[in-house]
Amino acid sequence: MKYMLLMNSAPADSAEEAEAQSVCEFSDWMKFDEQIQGAGVVVASHALADMTTATKVRVTADGERVITTDGPFAEAREVLGGYYVIDVPDLDAALDWAARCPGARDGSVVVRPVTDEY
Amino acid sequence: MPGPDARASVEAIFREERGLLLAALVRRFGDLDLAEEVASDAIEAALVHWPAHGVPPSPGGWLMTTARRKAVDRLRRDRAYAARLAVLQVEAERAAPAPPPGTDGGLPDERLQLFFTCAHPALAAEDRTALTLRCLAGLTTPEVARAFLVPTATMAKRIVRAKHRIREARIPFRVPGPDELPARLPGVLQVVYSIFTEGYAAARHDLAEEAVRLARILRRLLPDERETAGLLALVLLTHARRDARVGADGGLLLLDEQDRSRWDRTLIEEGRGLAEAALTGGPPGPYGVQAAIAALHDEAPDVASTDWPQIVALYDVLHALTPSPVVALNRAAAVAMRDGPEAGLALLDGLAGEPRLRGYHPYAAARADLLRRLGRLPESAAAYREALGLCETAAERVLIRRLLDAVEASG
């Protein structure tokens, strides 16, 4: 069964600010990544660049593209910083990995089952 | 012709067997929906066969065989469903290998894993209670709806949604390992206790009795966990007062108004033994401590000779284990009995800022009682009026109304 772990943290305007806000060190992330990769459960994973680099696209009803290149992101309580897709037997196993993830201490980790309905 | 006795005995067996059957089927097929469907089919078949041909020597075995046959039929008709379940089964085996099958032909008791699934932290609190009542107490959806005082359709939707969540998020059917148990067991105990308090607050014995039954099952399934003894002791020692705590007007009676000769001595004896077991051989848990408090009330001939210093001491222990404004409120009421209303009122007023107590009628009622004992009648009446507006059940409302009337009459 595949689950996506979405790692959220408080919004930061730069990598430096993000680091200042977090309680976990870079080495904690390295260690966690080694563990989860070593367990052979990771299907995919990526870390995302900070929110100042994000671009939002919407298409209106009459087909017009609306592109937003910067904020305001400060109103978001938490932003997605990265994800893992893992393949484990059940939700308990997925929750266990989520709890061990440094992202659960710096912000929160949302666990979403990947559906096979589509 | 089968008489009504045969029918009644058949239904009594189902009450007991349904949870066992369902849990065994969930273990076998890894799917709650299929298990529920074929359990109902098997019970229906039994309702036709047993009154006519007699109850078979192994009712559980008969039900399980019949249910399994129905499940095989169902899976033969629906290949996609069968394939999906087969995958589920392989993965479930990967997570928790099945124990070897029992040799005595009776149903193995698989209910513990169902308890943990129904009370899984990934389910909403109200869904945990509803699923536990349905899957383990064997209540029908309309019965569960009545327990929650919501329309059947609302409850049916809630149960479907909760089962969907179990299936789609794959909440496992498994008993947590020894390392996880301390974190997971309180959730299961909490579900059973909340069913009890729901029934107790509304003076609904049927619901309270379901909780007692569930607490007994848990105690049997986890005999080494002292808090299962604590929970069972607590509900027994509280339930023992059921016949004395409702007056002729349908309102609740205060502890000092209850006819203690009507307290159930058998339950009290059983509860005391369990409370002792809960508090022996290790650090106390919150249910064991609350059971000890209930036991002190049950043992006292009246309110005046109750061991209030000991009760205050136990509330101190409880507050250290599970600090909460509600525990602080109960402690304050006990202090008022030990040291006088003034001391109790000072503690209660210190809790005035607690958000959790603001809409909680026992807080207002406790203040009203102490103000009355201090002769501050207008303030007491005001506090009773506040409590009256916050009551959640009719039985509580009748009590507070009566106390308010008495204060107003003497003021």
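Pull up the stretch B:47-70, narrow it to residues that are among the aliphatic types (A, V, I, L, M) and within 17 Å of residue B:31 (Cα to Cα), then point me to the one that is surrounded by the fewest Cβ atoms within 10 Å (Cβ to Cβ).
Step one: filter the stretch B:47-70 for residues among the aliphatic types (A, V, I, L, M), giving B:47-48, B:52, B:55, B:63-64, B:67.
If we keep only those that are within 17 Å of residue B:31 (Cα to Cα) too, we end up with B:64, B:67.
Details: B:64: 24, B:67: 26.
Among those that are among the aliphatic types (A, V, I, L, M) and within 17 Å of residue B:31 (Cα to Cα), it is B:64.
Quick check: anything in the stretch B:236-250 surrounded by fewer than 16 Cβ atoms within 10 Å (Cβ to Cβ), out of contact with any Gly (no Cβ under 7 Å at 6 or more places or on another chain) and not charged (D, E, K, R)? Yes, because at least one residue in the stretch B:236-250 is surrounded by fewer than 16 Cβ atoms within 10 Å (Cβ to Cβ), out of contact with any Gly (no Cβ under 7 Å at 6 or more places or on another chain) and not charged (D, E, K, R). Within the stretch B:226-272, being among the small types (Gly, Ala, Ser), touching a helix residue (DSSP H, G or I) at 6+ places or on another chain (Cβ under 8 Å) and farther than 24 Å from residue B:337 by Cβ holds for B:229, B:250. In the stretch B:126-136, the condition of being crowded, with 23+ Cβ neighbours inside 10 Å, touching a Lys or Arg at 6+ places or on another chain (Cβ under 8 Å), within 14 Å of chain A (Cβ to nearest Cβ) and farther than 26 Å from residue B:243 by Cβ is met by no residue. Of the residues in the stretch A:80-95, at least one is within 14 Å of another protein chain (Cβ to nearest Cβ), in a strand (DSSP E or B), aliphatic (A, V, I, L, M) and touching a strand residue (DSSP E or B) at 6+ places or on another chain (Cβ under 6 Å). Every condition in (1) buried (at least 23 other Cβ atoms within 10 Å of the Cβ); (2) over 30 Å from residue A:86 (Cβ atoms); (3) touching a residue at least 40 places away in the same chain (Cβ under 8 Å) holds for residue B:109 except the one numbered (1). The C-beta contact set for the stretch B:158-169 (first residue within 14 Å of chain A (Cβ to nearest Cβ), second residue part of a helix (DSSP H, G or I) and basic (Lys, Arg), distance under 9 angstrom, 6+ apart or interchain) comprises B:162/B:128.
A count restricted to the stretch A:51-74 and to residues that are at pLDDT below 80 and under 30 Å from residue A:97 (Cβ atoms) stands at 3.
Would you check which residues across the stretch B:259-271 are within 11 Å of residue B:240 (Cβ to Cβ) and polar (S, T, N, Q) and list them? Quick ask: steps written out before the conclusion?
Pass one, the stretch B:259-271, residues within 11 Å of residue B:240 (Cβ to Cβ): B:260, B:262-271.
Across the stretch B:259-271, the qualifying residue is only B:266.
Kindly indicate the residue of the stretch B:313-351 that is part of a helix (DSSP H, G or I) and of a type in the set (Val, Ile, Thr) and also surrounded by the most Cβ atoms within 10 Å (Cβ to Cβ) among those meeting that condition. Only one residue fits best here, namely B:335. If you filter the stretch B:251-299 down to residues that are over 19 Å from residue B:314 (Cα atoms) and among the basic types (Lys, Arg), you find that the one that is surrounded by the fewest Cβ atoms within 10 Å (Cβ to Cβ) is B:265. For the stretch B:112-125, give me each residue that is more than 14 Å from chain A (Cβ to nearest Cβ), surrounded by fewer than 24 Cβ atoms within 10 Å (Cβ to Cβ) and assigned to a helix (DSSP H, G or I). Scanning the stretch B:112-125 gives B:112, B:125. For first residues located in the stretch B:397-411 and more than 16 Å from residue B:367 (Cα to Cα), partners that are part of a helix (DSSP H, G or I) and at pLDDT 95 or above and lie 6+ apart or on another chain with Cβ distances below 6 Å form the pairs B:411/B:377.
Give the residues of the stretch B:173-203 that are more than 14 Å from chain A (Cβ to nearest Cβ) and not in a helix (DSSP H, G or I), sorted by residue number.
If we filter the stretch B:173-203 for residues that are more than 14 Å from chain A (Cβ to nearest Cβ), which is where we start, we get B:178, B:182, B:185-186, B:188-203.
Within the stretch B:173-203, B:178, B:202, B:203 qualify.
In the stretch B:352-411, counting only helices (runs of 4 or more DSSP H) that sit wholly within it, the ones holding 3 or more residues that are surrounded by fewer than 21 Cβ atoms within 10 Å (Cβ to Cβ) and in contact with a Gly (Cβ under 8 Å, 6 or more places away or on another chain) span B:377-390, B:394-410.
The values are calculated or read from the model by the stated rules, or taken from the named source; none is laboratory data. Because the structure is predicted, anything quoted here is derived from the model rather than measured. No Cβ is skipped: glycine too gets one built from the backbone with ideal geometry, and neighbour counts run over all protein chains shown.
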